[in-house]
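*Asks:* Please find one structure pasted underneath; my questions will follow.
Just so it is clear, none of the values below were taken in a lab; they were calculated from the coordinates. The model shown is predicted, which means the values in this text are computed figures rather than measured ones. Every residue, glycine as well, gets a Cβ built from its backbone with ideal geometry; the counts of neighbours run over all protein chains shown.
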Amino acid sequence: MVVNLYVDHMMTTPPQTAEEVWNATREHSKLYTEAAHRIGLTSSEYREFQNALLDGKAVFVKLPHRIDVMAGNRHGSVYAVRHAVLPNNVPGWRVMLSSGAIVYVPQACGNLSLTRVKKVRPYVAAVREVRRPHLLPPPPPPEQQVVFTPPPPVFMPPPPPAPPELPPPPVAAVKKTWEFFILPIVLVFHNNHITPPPCERGSNEVGVCSKH
């Protein structure tokens, strides 16, 4: 299973300073408190982590390749990724707590992560050694691959082309056509009115003649 914390992030904008991480824990208190509980931080450890963000105790480093547990946020539902395996060269902040726990915050997502250093107990040789049947060691826990990959862009088809604009009607040509038909009528009427024929030759078409 591969977990993409670029999508299941706790901060929508990658933080640039430890103070921005602290501000996110204050503005989204419920989300970060639930994440701290999911990864196994106690209340006192979580308060110490918040104070370290403001006190300059958060160091900007390259995060380790393996982390015990990381928090994820899927649409407001917080979950824990155990035995997380990160890509190489992931930047983020590291906070060392007095309990020996180490809190990591990847810059890409702002999610809380935790690794607890295993304490080595001194070995005391037994006075009497009892033979036991040979037992196979338990299998290692499954690892979870963690990535910080942006999702591919959604393809949007181009809009359909706009229909071509129709040319305007030939107004000028219509006007000239009317002028062509009107002009001869005016000229004929004008000529008949000014120079009617003599009456001895009869009247013109409109019944008009001139007497000398």
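*Asks:* How would segment 42-81 be classified by its alpha-carbon gyration tensor: rounded, prolate or oblate, with rounded meaning a/c under 1.5 and the a/b versus b/c comparison settling the rest?
*Replies:* Note, shape of segment 42-81 comes out oblate.
*Asks:* List the residues, sorted by chain then number, that are 5 or more residues from residue 4 or on another chain and whose placed amide H is less than 5 Å from its amide H.
*Replies:* When sequence neighbours closer than 5 places are left aside, the close amide H contacts are 147.
*Asks:* Can you compute 3J(HN,Hα) from phi for each residue in segment 77-91, using the Karplus curve 6.51 cos²θ - 1.76 cosθ + 1.60 with θ = phi - 60°, rounded to whole Hz and x for Gly and Pro?
*Replies:* So the J values, rounded to whole Hz, are 9, 8, 9, 10, 9, 9, 6, 6, 10, 8, x, 6, 6, 8, x.
*Asks:* Taking the beta-carbon count within 10 Å as an exposure proxy, list 148, 60, 49 from fewest neighbours to most.
*Replies:* Sorted ascending by nearby Cβ count, the order is 60, 148, 49.
*Asks:* Name the long-range amide H neighbours of residue 69: under 5 Å, sequence gap of 5 or more, or other chain; modelled H, no Pro or chain starts.
*Replies:* Here 83, 84, 114 satisfy the definition.
*Asks:* Read phi for every residue in segment 50-59 and hand back ³J(HN,Hα) as whole Hz from Karplus 6.51 cos²θ - 1.76 cosθ + 1.60, θ = phi - 60°, with x for Gly and Pro.
*Replies:* 4, 5, 5, 5, 8, 8, x, 9, 8, 9
*Asks:* Order by neighbour count: 3, 59, 95, fewest other Cβ atoms within 10 Å first, most last.
*Replies:* 59, 3, 95
*Asks:* If you don't mind, there's one more thing I want to ask. Length gain on complete extension for the stretch residue 61 to residue 145, per 0.36 nm per residue less the alpha carbon to alpha carbon distance?
*Replies:* Residue separation times 0.36 nm, minus the Cα-Cα distance, leaves 28.2 nm.
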